[in-house]
1. Taking the criterion of being of a type outside the set (A, V, I, L, M), more than 17 Å from A:Asp198 (Cβ to Cβ) and near DNA strand D (Cβ under 10 Å from one of its atoms), would at least one residue in region B:23-35 satisfy it?
2. Filter region A:8-54 for residues that are β-branched (Val, Ile, Thr) and closer than 14 Å to A:Ile76 by Cα and give the result.
3. Which of the residues spanning region A:43-65 are more than 9 Å from DNA strand D (Cβ to nearest atom) and either farther than 21 Å from B:Asn193 by Cβ or exposed (fewer than 13 other Cβ atoms within 10 Å of the Cβ) (or both)?
4. Across region B:29-68, which residue is nearest to the other protein chains (Cβ to nearest Cβ) among those that are basic (Lys, Arg) and within 20 Å of A:Ala184 (Cα to Cα)?
5. Just one of B:Ala163, B:Ala152 is closer than 21 Å to A:Leu100 by Cα, away from DNA strand C (no atom under 16 Å from the Cβ), in contact (Cβ under 8 Å) with a residue 12 or more places away in the chain and crowded, with 22+ Cβ neighbours inside 10 Å; which is it?
6. In region A:174-210, how many residues are at the interface with chain B (Cβ under 8 Å from one of its Cβ atoms) and under 21 Å from B:Lys78 (Cβ atoms)?
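Bear in mind these aren't lab numbers, they're just calculated from the coordinates by the rules spelled out. These numbers come from a predicted model, not from an experiment. So basically every Cβ, Gly included, is an ideal-geometry build from the backbone, and we count neighbours across all protein chains shown.
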Protein chains: 2
Amino acid sequence: MAKEKNYVSEAVMRRMPKYYRHLTDMEKAGIERISSKELSKRMGLTASQIRQDFNCFGGFGQQGYGYNVSELRQEIQKILGLHNEYHIIIIGAGNLGQALANYTGFEKDGFFVKALFDINPRLIGMSIRGIPIYDIDEMESFISENEVHIAAICTPKEKAQEAAEILIQSGVKGIWNFAAVDIAVPNQAIVENVHLSDSLYTLSFRMSDD
Amino acid sequence: MAKEKNYVSEAVMRRMPKYYRHLTDMEKAGIERISSKELSKRMGLTASQIRQDFNCFGGFGQQGYGYNVSELRQEIQKILGLHNEYHIIIIGAGNLGQALANYTGFEKDGFFVKALFDINPRLIGMSIRGIPIYDIDEMESFISENEVHIAAICTPKEKAQEAAEILIQSGVKGIWNFAAVDIAVPNQAIVENVHLSDSLYTLSFRMSDD
DNA sequence: ATAAATCTGCCATATTATTGACATGAGAGA
DNA sequence: TCTCTCATGTCAATAATATGGCAGATTTAT
């Protein structure tokens, strides 16, 4: 039923995770069906937009009925690629790196942290939830010997670009960047930035904006 | 020179922190002036867009010269409200809450963490970098006795909405939400979401999208 | 069984954002 | 001083995104 995925606009893509999140919650709450109108109230979007968003991937709904929650959730799960299993390594075992490694919430969606890497000799050899912290020098060989899909960069910003280059050269396709810099990468790789400072600045802006 | 700030589009607002970040880096690197063209190369935007963005706030540049880096940085700093000092409390002293408390990088922009709150008796009474962890029951009285501008919600998602309501009722204006839910708040309050799962899903989507 | 109400998928329209073009003014060099 | 070059601010054109409306399919009520 679903059309071949060709082009999906940036705007639509950014909303898909949100749909997935809400649908997962609804399914857990035992809700079986939902109309675009109800969903729009719940999510603060227009019903029209929701219908159009889903239509990028082919129609999942039924006239007069609406959408089946768990079916729709499954479709979006597939669209997001969450039916796959991803292996993650974390570069930088500082505050943030450790917090990510400790967090188990992503495992239900198939994301598993396999190792951390750091330069600090006091951290190397330790482990978090059984996940080992290795010397950063071992990163390349680890990647070549283990399947690594995603690397989370949690280094100071000065080291982030260099780390990314090594990672991509070693064959890692996805970079989840937490360092406060915009990383430049070749086309085959994909960077998703989480700029905490940007979001804090935005908050500040909106708080002072009136 | 700068026009009165009236309406700034979402899109422009989201780019401002990025400008600030790059300008700060440039200033630190000793760069004195920059043209929109050069900046566009550096940031991956078009020169036209950059000029138009800055013009939302009044012209900061000079024909034939370009923009003075440190002057422009200062203007954007003011626009973002980063000339103020903000007091932050963190709700939930788990992995992420602790990581935020340990991170000192926001202090240079005037953001100071004053306290953490948790329900876990093993954490209550401890401190992080000298920042105390209190019982969540003391949150309201703490807010009334201390000036608190921003609360970072780092609780499990089930508790996030409730926490937000208490916070806003107590007079906190800004919510920096790290829980994986969309928090509903009255108009006077401002919520900035950091949905790590959304960003990871987006990465997954783009990695499987070809 | 039939009528009324519901709700999707799609298309046409409206709104918003980005890009391109250019007149004008400042700086640099001779 | 004069001319050439550079680069802004602004406006118009284009592109992207969101909204509104409706035909037709499906469910629900009678």
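1. Yes, because at least one residue in region B:23-35 is of a type outside the set (A, V, I, L, M), more than 17 Å from A:Asp198 (Cβ to Cβ) and near DNA strand D (Cβ under 10 Å from one of its atoms).
2. Residues satisfying the conditions are A:Val8, A:Val12, A:Thr24, A:Ile50.
3. A:Gly44, A:Phe54, A:Asn55, A:Cys56, A:Phe57, A:Gly58, A:Gly59, A:Phe60, A:Gly61
4. B:Arg42
5. On inspection, the qualifying residue turns out to be B:Ala152.
6. Total meeting the criteria: 15.
Residue-by-condition table, conditions (1) touching a His at 6+ places or on another chain (Cβ under 7 Å); (2) polar (S, T, N, Q); (3) on the phi > 0 side of the Ramachandran plot; (4) more than 11 Å from DNA strand C (Cβ to nearest atom):
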site	(1), (2), (3), (4)
B:Ala11	no, no, no, no
B:Arg14	no, no, no, no
B:Ile31	no, no, no, yes
B:Gln62	no, yes, no, no
